[in-house]
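Here is the structure we will look at.
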Amino acid sequence: MKTPIIAPSILSADFADLEKTFKMLNQSEAEWIHLDVMDGNFVPNISFGMPVIKNLRKLTTKVFDAHLMIEQPERYIHNFKVIGVDVLTVHYETQIHLNRTIDLIKKIGMKAGVALNPHTPVSLLKDIIAELDLVLIMSVNPGYSGQKFIEHSYQKITEAKELISATGSKALIQVDGGINAANAPKLYAAGADVLVAASYIFNHDNPLKAIRNLKYF
């Protein structure tokens, strides 16, 4: 039975003991680990950067899925490859030369994704969707974990699925923000391939169970 890929976001993890967090994630059924990189400019928050990711890479062999909520992410593409990132996603809203950025990400050996803020239409990806490995639908406004899921996101997932099918793209659809066991089945039914969750997993009294709840329903 096909199930969604689960990508726990460590944004809500205990940063005083990330080694313990990664031991749990290594035992879990999550395939990816989601890394939210924020610069305090594109979003009103600052998270962590490359030195942290470089050291966390030593703790796991799972896919490192980095979501860059930063201005001018193209300046750092090579750096993220060097520190072990596997999937690199930039925001549509930060890009002047999106094709160039996506081409560089793929040329140096990473999977390339584009994230859309809640107000950004899926239709804007029609000229590049065939080049993408991932489309990230933000189901909250980026910057903080624990926000309420935006219901219009279901429609955007459906639109992304239709665009992918119409163009023959192989892109996966990732959804990030307000995801829990209650809405995970509906998100998957709408066409989501990868579910990102932070507070639901790390605030749960049993994070391993929380991950299973998102994956099997």
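Values as computed for the structure displayed
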quantity: Percent RCO, i.e. relative contact order, over segment 5-215, from Cα pairs under 8 Å lying at least 6 residues apart; calculated: 21 percent
quantity: Those lysines that a straight Cα-Cα span of less than 23 Å connects to Lys111, excepting residues fewer than 8 apart in one chain; calculated: Lys2, Lys54, Lys58, Lys62, Lys81, Lys126, Lys156, Lys161, Lys170, Lys215
quantity: Positive minus negative residues near Ser47 (Lys, Arg vs Asp, Glu; Cβ under 9 Å); calculated: -2
quantity: Amide proton proximity set for Gly177, modelled H, under 5 Å, gap of 5+; calculated: Ser139, Val196
quantity: 222 nm mean residue ellipticity, helices alone, for the chain (DSSP H n ≥ 4; -39,500 (n - 2.57); rounded to 500); calculated: -8500 deg cm²/dmol
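Values quoted throughout were computed directly from the atomic coordinates according to the rules given, and no laboratory measurement underlies them. All values reported here derive from a predicted model rather than from experimental measurement. Methodologically, a virtual Cβ is constructed for each residue, glycine included, from the backbone with ideal geometry; neighbour enumeration extends over all protein chains shown.
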